[in-house]
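The structure appears below as structure tokens.
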Amino acid sequence: MTVLALETSCDETGVAILRRRNGDSASDLLASEVASQIAAHEKYGGIVPEIASRNHLIYTPRLLDRAARAAKIGLSEVDAFAATSGPGLASSLMIGVSIAKGLAIGFGKPYLAINHLEGHLLSPFFGSGIGILPIPGTSAGSRCHVSLIVSGGHTMSIFVRGLSDYQLIGRTVDDAAGEAFDKVAKMLGLGYPGGPEIEKHARSGDPNRFDLPRSMLDSENFSFSGLKTAVRYLLPKLKGDFLADLCASFQQAIIDVLVRKTIAAAWKYRVNLVTVSGGVSCNQELRRQLGEACVHSGFEFKDAEPWLCTDNAAMIAFAGLLRLAAGFQSHVTEEIDPNLALAR
Ligand code: KG4
Ligand code: ZN
């Protein structure tokens, strides 16, 4: 079973081909191509939707060709075509979805509409067999778990009962964690994306030098805009060498909140497995501290491999393969949804 997936929800164009092994439910990644548009948007200080969608239109056919050559297969050998159908920028989603639908119709194969957040959520299990998550309506699969998704656009904790059976525990009421990293990095004159820049400076800094707020600790929801504002008010008062200490203190404030709420959710929902995914989970300190907190509480901990944390099509192909194997399919008349929800 071979799935080809397209990811064009924001400013990264991704194409991946994933094949499930015969007689074994694990899968092999045959190709994964990602074209970043960071340079095209940098001079505008943010993502320009019109430029993003035009670039997706230019890059997708090229990446399709490159992926098929890397995988050494013809597109006629693909068993299903998947694309991210939301959440994301409408004009960007439309490109990947339209191309995937066109391929599915042209080759007479199923089309799979994939939620971008489900791609992130499943990425810690990448390559594993379909039995990794309970499949609704069957007794197959393992156990429930708590999943933390932290990206540039989203911060949420999810109670995962099985494939496509998700319950929202908490979400950000304002900025996403990655958005806070990006905005604070901008205030500090650092480049985009801000997360890796802040992490780099934080390595040599003192996380206890600045006492920054940890908001809404008694809630299951998250809030990071107060932290961002605290940095904004603190900055003009600082003199001398403060960059590394401020980056470390800011990063630690985010990590404290994410770790504390995730562990509390795991206790509340009585699970013994915690996962983390999304761009912010590239952060080594977050991975280390969340991993240690899980060990301390007796929970198993699984993170996505770093190359799978930021946006890519391999995670969409994996979600597509699991869904196809579990008997899910989408209709080509299904629309994109820029606000597509993962769980309510
Ligand atoms: O998942 P992703 O590629 O895109 C969205 O779906 O939003 O996440 C991108 C976000 C950016 O905000 C970026 O600053 C953040 O992930 N990020 C990091 C790190 N690497 C990427 N944040 C903290 N530490 C990092 N090492
Ligand atoms: Zn993402």
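The values are calculated or read from the model by the stated rules, or taken from the named source; none is laboratory data. All values reported here derive from a predicted model rather than from experimental measurement. All Cβ positions, glycine included, derive from the backbone under ideal geometry; neighbour counts span all protein chains shown. Only protein heavy atoms, including side chains, enter the accessible area calculation; ligands, DNA and RNA are left aside. Shrake-Rupley method; radii C 1.70, N 1.55, O 1.52, S 1.80 Å.
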Report relative contact order for segment 195-344 in percent, whole number only (criteria: Cα-Cα under 8 Å, sequence separation at least 6). 22 percent
Over the Cα atoms of segment 113-243, compute the convex hull volume and normalise it per residue, giving Å³. 148 Å³
Listed pairs K72/K302; K183/K261; K183/K237; K186/K302; K101/K183; K109/K302 exceeding 26 Å between Cα atoms: K72/K302; K186/K302; K101/K183; K109/K302
For the chain, whose charge dipole is built from +1 on Lys and Arg Cβ atoms and -1 on Asp and Glu Cβ atoms, the candidate among C144, L322, T310 with its Cα farthest towards the positive end is C144
What FRET efficiency do you get for D79 and L234 if R0 is 35 Å and r is their Cβ-Cβ distance, rounded to the nearest 0.05? 0.05
How long is the chain along each principal axis, judged by its Cα atoms, biggest number first, in Å? 64, 47, 31
Per the Kirkwood formula over distinct C-alpha pairs, the hydrodynamic radius of segment 7-139 in angstrom is 15.9 Å
Given a 1.4 Å probe and heavy atoms of the protein chains only, how would you sort S85, S164, largest accessible area at the top? S164, S85
Length-normalised contact order for segment 54-162 - Cα pairs under 8 Å, 6+ apart - percent: 18 percent
Between S204 and W267, what FRET efficiency follows from the Cβ-Cβ distance if R0 is 45 Å, with the result rounded to 0.05? 0.85
Which whole-number percent gives the relative contact order of segment 272-325, counting Cα pairs below 8 Å spaced six or more residues apart? 44 percent
In segment 92-190, what is the volume of the convex hull around the alpha carbon atoms, normalised per residue and reported in Å³? 152 Å³
Under a GNM of the chain (C-alpha, springs under 10 Å), which listed residue has the highest mean-square fluctuation: Y192, Y166, Y233? Y233
Compute, for segment 245-344, the length of the dipole vector about the Cα centre, with Cβ point charges of +1 (Lys, Arg) and -1 (Asp, Glu) only. Units Debye, rounded to 20. 440 debye
What helices in the chain pass both tests, a Cα length along the helix axis of 30 Å or more and a mean Kyte hydropathy of -0.5 or higher, using whole DSSP H runs? 49-71, 243-268
Looking at segment 33-186 only, what percent of DSSP beta bridges run antiparallel? Nearest 5 please. 70 percent
